[in-house]
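These notes concern the structure reproduced below.
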Amino acid sequence: MTQVSTEKLWLSGNEAIARGAWEAGVTVASGYPGTPSTEILENLVKYDQVYTEWAPNEKVALEVAIGASFAGARVLATMKHVGMNVAADPLFTASYTGGRGGLVIITADDPEMHSSQNEQDNRNYAFAAKLPMLEPSEPAEAVSMLQEAFALSEEFDAPVLFRTTTRVAHVKGMVPTGPRSTGQVEIKIKKMPAKFVMLPGNARMRRLEIEKRQAKLTEFAETYSGNRIEWGDKKRGIITGGISYLYVKEAFPDVSVLKLGMTWPLPEKMIKEFAAGVDELNIVEELDPFLETHIKAMGISCLGKEKIPAIGELNAFIVKKSLGGNIGEIFPPVNLPPRPPNMCAGCPHRGLFYSLSKQKLFVAGDIGCYTLGFLPPLSAMDACVCMGAGINMAHGMNKALGEEGLGKTIAVIGDSTFCHSGITGLVNTVYNKSYSTIIILDNRTTAMTGHQPNPASGATLMGEPASALDFTKLSRAIGVKHVTTVNPHDIGQCRKVIKEEVERPETSVIISQGPCVLLPAERKRQKIPFTTSIDKCTGCSMCVQLGCPAIRWYPISPEEAKKMGKKEKQKGYARISVEMCTGCGQCSQLCKFEAITTVEGQ
């Protein structure tokens, strides 16, 4: 288990949050993996005295956390920003119920959309749900601030939102560590129906308590140590928080700064004091003008998004340039060579998407590694909105198209995503008599976020064996009559089954079953790579159409073709990297000239 000595450790923001949760005395933690929050639970599970789990989705994770809080435990729920949308239903009501043990909810936002489908600013959830929100700027602060968050939750009887961003989650820093807290609420069942049963009569009473709590929290914000004024040059003052605080300090080390560690509710008196002490007031924040809007509502004149971009991540260079500083003092961002995303060599999804690309279907997709099937040369995904949406979009299109849509649409969804929010979509599709065909891409793991187990994997986050969800039996129990399992590496079989199933006038399910090539068991499996016989290669480029990173195309001129003994019109040839090839054999099925064989067969 992780060392728990009281020393300084070199930790990322997520590792620091895990450490802070352990030090705060957390005993239960639940979440759903999603960048940039994933590593929190992956590190917290290494500590003793904490039960840690991956839930099927964020709503389930938060409801588990609420239940544990009702029992008196200190609880952590983790999710990325879009996961908060899934958990919004229990979140807003948990604001009414409060709890017994401290409940902290990590919301990890992703400015610049490094690995997300949108760029929402979850500070707005704190305002809408009337909940306190804390925002650390770096790993060391994350440890201390998280412990304050649990104390705050218990003192004010409210879940506390703890907002990080991609940069805070992944930056590294020296973190002072301490012992585990033992002073918290007694863990036991305590019936409190007036507080925990949100029927309208009880909810109306709790609604009044929320307003009282909000007033007390606003007073607390004025004295909270995470909110502080750092006086400097008073010609310009900057109000900021989170990672933006570090950008401001790097860009303008001498200006006056009001750092907000609690970004809701805001300390109005402190803000007015700071504003009165500077000649010009600027608000530096990533994404929405959240602070700017609420500060202007206080009647305070300030400059914000007129200067600071509202889209994407900030950095010290952008802040300096936006506020008219001497940018020569700061290094500009380096333009790195692009690294296009791609499925791994041997990925089982590649064969399946190649099969889809050869049929004229509208592919309603979902979020995971397989979303990369959208990219050329496969170009085999036509819609992707959010987790679980693919099944429902296909059903909706079919109802809109009527009989004309038969054989024209299909939905694809990963195994973890199906557990997350695809099951109800399948229930709806069957119940409402749709002719949709759904492909469940079962690669035995939650691959895109780093190979976390899920309810179909057969193991828990804590490494214990678990019941593995049987997609065939589940589909049949829901009412699907036609369930077929295919090997995604067998391109011929996939094309045949897909063609048959999309023509059915009722719901059908195809289970594409092939383990992720990066799973430990797959890495240990003996692989016989394929290679290309350049003499036999005609340059037809069929293998290249798979988009496999192990296959490289070498263009040649007519003169070079002649020297190689090939037809002058041949424009190039393909070569397989033996080092990268995993031996899946997809490319060999496409080569009509027997130019691709196993190394063993050479």
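The values are calculated or read from the model by the stated rules, or taken from the named source; none is laboratory data. This structure is a prediction, so every number in the text was calculated from the model and none was measured. Neighbour counts are summed over all protein chains in view; Cβ atoms, including those assigned to glycine, are modelled from backbone coordinates with ideal geometry.
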Quiz prompt | Verdict on residue 461 being farther than 23 Å from residue 505 by Cβ and out of contact with any His (no Cβ under 9 Å at 6 or more places or on another chain) | solution = yes
Quiz item: When both residues are 6+ apart or on different chains and their Cβ atoms are under 6 Å apart, which pairs have a first residue that lies in region 311-328 and is in contact (Cβ under 8 Å) with a residue 40 or more places away in the chain, and a second that is charged (D, E, K, R) and not in a loop (DSSP other than H, G, I, E, B)?
Solution: 316/250
Quiz prompt | Checking residue 367 against (1) out of contact with any Lys or Arg (no Cβ under 6 Å at 6 or more places or on another chain); (2) in contact (Cβ under 8 Å) with a residue 40 or more places away in the chain; (3) over 30 Å from residue 585 (Cβ atoms), the condition it does not meet | solution = (3)
Quiz item: Can you tell me which residues in region 107-126 are of a type in the set (Lys, Arg) and assigned to a loop (DSSP other than H, G, I, E, B)?
Solution: none
Quiz item: Between residues in region 532-554 that are over 16 Å from residue 564 (Cα atoms) and β-branched (Val, Ile, Thr) and residues that are at pLDDT below 95 and part of a loop (DSSP other than H, G, I, E, B), which pairs lie under 8 Å by C-beta distance while being six or more apart or on different chains?
Solution: 544/377; 551/577
Quiz item: If you scan region 572-602, which residues turn out to be among the charged types (D, E, K, R) and modelled with pLDDT under 90?
Solution: 600
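Consider residue 507 carefully, then state whether it is out of contact with any Ser or Thr (no Cβ under 6 Å at 6 or more places or on another chain) and hydroxyl-bearing (Ser, Thr, Tyr). Full working, then the answer.
Details: out of contact with any Ser or Thr (no Cβ under 6 Å at 6 or more places or on another chain): no; hydroxyl-bearing (Ser, Thr, Tyr): yes.
Judged against the criteria, residue 507 is not a match.
Among the listed residues 390, 396, 407, 402, which satisfies the condition of being over 20 Å from residue 518 (Cβ atoms), at pLDDT 90 or above and part of a loop (DSSP other than H, G, I, E, B)?
Numbers: 390 fails: part of a loop (DSSP other than H, G, I, E, B); 396 fails: part of a loop (DSSP other than H, G, I, E, B); 402 fails: part of a loop (DSSP other than H, G, I, E, B).
Selected residue: 407, the only one of 390, 396, 407, 402 that is over 20 Å from residue 518 (Cβ atoms), at pLDDT 90 or above and part of a loop (DSSP other than H, G, I, E, B).
Looking at region 127-155, which of its residues are assigned to a loop (DSSP other than H, G, I, E, B) and either of a type in the set (D, E, K, R) or at pLDDT below 95 (or both)? Outline the logic, then answer.
Start the filter on region 127-155 by keeping residues that are assigned to a loop (DSSP other than H, G, I, E, B), which leaves 130-132, 135-138.
The answer is 130, 135, 138.
Provide a single number: the residues in region 4-23 that are assigned to a loop (DSSP other than H, G, I, E, B) and among the β-branched types (Val, Ile, Thr). Spell out how you get there, then give the answer.
Going residue by residue through region 4-23, those that are assigned to a loop (DSSP other than H, G, I, E, B) are 4-7.
Next cut, among the β-branched types (Val, Ile, Thr) only: 4, 6.
The number of residues fulfilling the criteria is 2.
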Quiz prompt | Filtered residues of region 18-37 (kept if crowded, with 24+ Cβ neighbours inside 10 Å and within 20 Å of residue 466 (Cβ to Cβ)) | solution = 29, 30, 31, 32, 33
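Could you check region 284-384 for helices (runs of 4 or more DSSP H) lying wholly inside it with 2 or more residues that are at pLDDT below 95 and more than 30 Å from residue 442 (Cβ to Cβ)? Give the derivation first.
Details: elements: 290-297, 316-322, 348-357.
In region 284-384, the matching helices (runs of 4 or more DSSP H) lie at 316-322.
Looking for whichever is of a type outside the set (Asp, Glu), in contact with a Pro (Cβ under 9 Å, 6 or more places away or on another chain) and free of Cβ contacts under 8 Å to residues at least 24 places away in the same chain here; the options are 202, 227. Which one fits?
Details: 227 fails: free of Cβ contacts under 8 Å to residues at least 24 places away in the same chain.
On inspection, the qualifying residue turns out to be 202.
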Quiz item: Is region 420-437 home to any residue that is in contact (Cβ under 8 Å) with a residue 60 or more places away in the chain, under 28 Å from residue 344 (Cβ atoms) and outside any helix (DSSP H, G or I)?
Solution: yes
Quiz item: Has region 41-48 got at least one residue that is under 13 Å from residue 452 (Cα atoms), surrounded by 20 or more Cβ atoms within 10 Å (Cβ to Cβ) and in contact with a strand residue (DSSP E or B) (Cβ under 7 Å, 6 or more places away or on another chain)?
Solution: yes
Practice problem: State whether the residues of region 30-51 include one that is over 16 Å from residue 187 (Cβ atoms), in a helix (DSSP H, G or I), touching a Phe, Trp or Tyr at 6+ places or on another chain (Cβ under 8 Å) and of a type in the set (A, V, I, L, M). | Solution: yes
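Touching a strand residue (DSSP E or B) at 6+ places or on another chain (Cβ under 6 Å) and closer than 24 Å to residue 122 by Cα, is that true of residue 91? Spell out the reasoning first.
Numbers: touching a strand residue (DSSP E or B) at 6+ places or on another chain (Cβ under 6 Å): no; closer than 24 Å to residue 122 by Cα: yes.
Taking the combined requirement at face value, the residue does not satisfy it.
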Quiz item: Among (1) farther than 30 Å from residue 23 by Cβ; (2) free of Cβ contacts under 8 Å to residues at least 40 places away in the same chain; (3) outside the structural domain of residue 164 (by TED's automatic domain parsing); (4) within 33 Å of the chain's Cα centre (by Cα), where does residue 253 come up short?
Solution: (4)
Exercise. Tell me which residues, restricted to region 158-202, are surrounded by 18 or more Cβ atoms within 10 Å (Cβ to Cβ), among the charged types (D, E, K, R) and not in a strand (DSSP E or B).
Key: 167, 195
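Name the residue that is surrounded by the fewest Cβ atoms within 10 Å (Cβ to Cβ), counting only residues in region 545-595 that are among the basic types (Lys, Arg) and not in a loop (DSSP other than H, G, I, E, B). Walk me through how you get there before you give the answer.
First, pick out the residues of region 545-595 that are among the basic types (Lys, Arg): 552, 562-563, 566-567, 569, 571, 575, 592.
Filter once more, so that each one left must be not in a loop (DSSP other than H, G, I, E, B): 552, 562-563, 575.
Details: 552: 14, 562: 13, 563: 10, 575: 16.
The qualifying residue surrounded by the fewest Cβ atoms within 10 Å (Cβ to Cβ) is 563.
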Quiz item: Can you tell me which of 104, 60, 64, 26 is within 26 Å of residue 192 (Cβ to Cβ), touching a strand residue (DSSP E or B) at 6+ places or on another chain (Cβ under 9 Å) and part of a loop (DSSP other than H, G, I, E, B)?
Solution: 26
Exercise. With the checklist (1) buried (at least 17 other Cβ atoms within 10 Å of the Cβ); (2) over 18 Å from residue 57 (Cβ atoms); (3) of a type in the set (S, T, N, Q) in hand, flag the one item residue 432 doesn't pass.
Key: (1)
Exercise. Select the helices (runs of 4 or more DSSP H) contained entirely in region 447-528, then report the ones holding at least 3 residues which are exposed (fewer than 14 other Cβ atoms within 10 Å of the Cβ).
Key: 520-524
